[in-house]
Structure formats: structure tokens, C-alpha cells
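**Student:** Quick one: the structure is below, questions incoming.
Read-outs throughout are calculated quantities, based only on the coordinates presented, and are distinct from any laboratory measurement. Keep in mind it's a predicted model, so treat the numbers as computed, not measured. When we count neighbours, we look across all protein chains shown, and the Cβ atoms used for this are built from the backbone with ideal geometry, even at glycine.
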């Protein structure tokens, strides 16, 4: 499989809107969790805030009356608030977009469902041939990661891709291991 | 990694550090200006330029630093998504599924069909 195929299969990401009520599509090719409109809003807020602060500074420096200077100080506060709101919205929008994408990734992973709901078994009972195959697998090909306390079926997600050792049930139980609660190799062996 | 490469790769964090350093410097200058004058009308320009200006720069630096962190998280999610899709593609069966019982045996690879079902 090439990287081009993987990239082409990527779904369109959904990013939170500025108000948090609507969502906007972030292009799949985007390398940042922001839209151009977010960057524009940040730029406008900070430039406006900076202009207000600089203008107020010039205004304060142009007069020697304290009462007039305090009028300019209010402009400074407004400028600083505008800049802060723009920067805060930028960071919060990025955080929200990253969180939404992480949630989408987790939802698209079957392993997440297995890990979150290991005890719920909503599957239909497998055919007799599959049960027999599982029983043979459970008795012959039980796997365990060395140094761990559970043994698993060969296809269990918890040992997939890991370096495992294969032993039968008595061998695992002699080593002090118990059956995995996710793939339940003991039930397959019992069947 | 040389300094130039580091600056190019981590430009947002470098910008953040520069903004924070400038903000602290401006705050210091403002404090010095205020402390050297006994009149409020002379101190207020330093409060605006040194105090608020320094806080402005500190805020920009913090914002850039958080943006860099979010961009890093976004890149990690990119890699995670690619790895996840690759794993899902690899788990797809690459062998043809066995035909159901009672159906005709599959033709050997390379054989041509001689009849067409209606």
C-alpha cells in the first residue's frame, strides 16, 4: 500500500466553528488545525489591538493632563482585550479541532469499542464450525506476552503485533496466567 | 541539528521565546521609566508602553507556544490516522473467499471463461 492511497482515503475533517454551534470542513491536506478564516480573525484582532495600544500610548504622551490621559487608558484596555480575545479564540478553536479529530479517530477504531466494552457480548453465536475451530485454536494456539498475567487467543487484539509465546492452557496456568477477559480463551476451550 | 535548521523547523517556538523575551524587556524598561519619575503624567506613558506593551508581547508569546503544541498534536494525529488506515487495509483479506458449498469450483488462475451466466 502506498502513502498516496492512504492519503486519498482520509475522511474530511470537521472542525468546530467559531461559535461552537456549527462545524466547518477542514481540508484533508491542511497541516494545521485552523482554517484561513481563523488566521484572519487572529490577525485582525491582534493588529487592531496593537493599533489601539500604540494610538493610546501616543495620546497619553501628547498631553500632560492626567484626566485626559486616563481617557486614553480606557482605549489601551479595549485594545488589550481585543487582542486577548483573538488569541484565546485561536487557541480554543485549535484545541477543539484537535479534540474532535481525536474523537473521530477513536470512534473509527474497532479496538476502542472492544476496550471500552469488553464485557458486552452483542455478537450472535458463531456457527458450529467456527466454534470447533475456536476450540482447536484455544487448545493449541493460546498466546501470551512473556512476563504478563493473561493468555489470549491467537487473534486477540491485545497481543496483536507483540512478541508472544504459544503454550496450551495447562502450560499457561502453570505459569500463573489467567484467561484474557476480552477474547475469553477459556470459554472457547470449554466449548 | 544546526541552529538554522532548528529555527526553520521550530519557528513558532522560536517566535514565542523571542516575544516572551521582548515582553520581559519592555516590562523592565517600563518599570525603570516609571521609577525614575515622580509625576503621574510622566509615568502613564511608561505604563502604557512598558506595562501593557509588555503584557501584549507576553500574550503573543504564550499564544504562539500553545499554537506550536497544537500543531504538534495535529501532526501526531496525521501519523496516527495513516497508521490506522494502513492497519485496516492490511487486515483486509487478500485471498478470495471460498465459494459456498454446492457451487462450481473456481477456475484456475489464468483460465478464460467459456460460458456466460444469464
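**Student:** How are the C-alpha pair distances of region B:8-72 spread across 10 Å bins, as whole percents from the shortest bin up?
**Tutor:** Pairs per bin, as whole percents: 25, 38, 22, 12, 3.
**Student:** Here is a follow-up. Pop the C-beta distance of residue A:92 and residue B:80 into the FRET formula with R0 = 25 Å and round what comes out to the nearest 0.05. Write down the numbers at each step before the final one.
**Tutor:** Values: r = 22 Å, r/R0 = 0.90.
Once the sixth-power term is evaluated, E becomes 0.65.
**Student:** Summarise the partner chain shielding of A:84-93 as one whole number: the mean count of Cβ atoms from other chains within 10 Å of each residue's Cβ.
**Tutor:** Working: counts 4, 0, 2, 8, 3, 0, 5, 8, 1, 1.
Counting Cβ atoms of other protein chains within 10 Å of each residue's Cβ and averaging gives 3.
**Student:** Sticking with this one: Calculate, for residue B:18 and residue A:163, the FRET efficiency according to 1/(1 + (r/R0)^6) with r their C-beta to C-beta distance and R0 41 Å; round to the nearest 0.05. It would help to have the intermediate numbers written out before the result.
**Tutor:** On the way: r = 47 Å, r/R0 = 1.14.
Efficiency for this residue pair is about 0.30.
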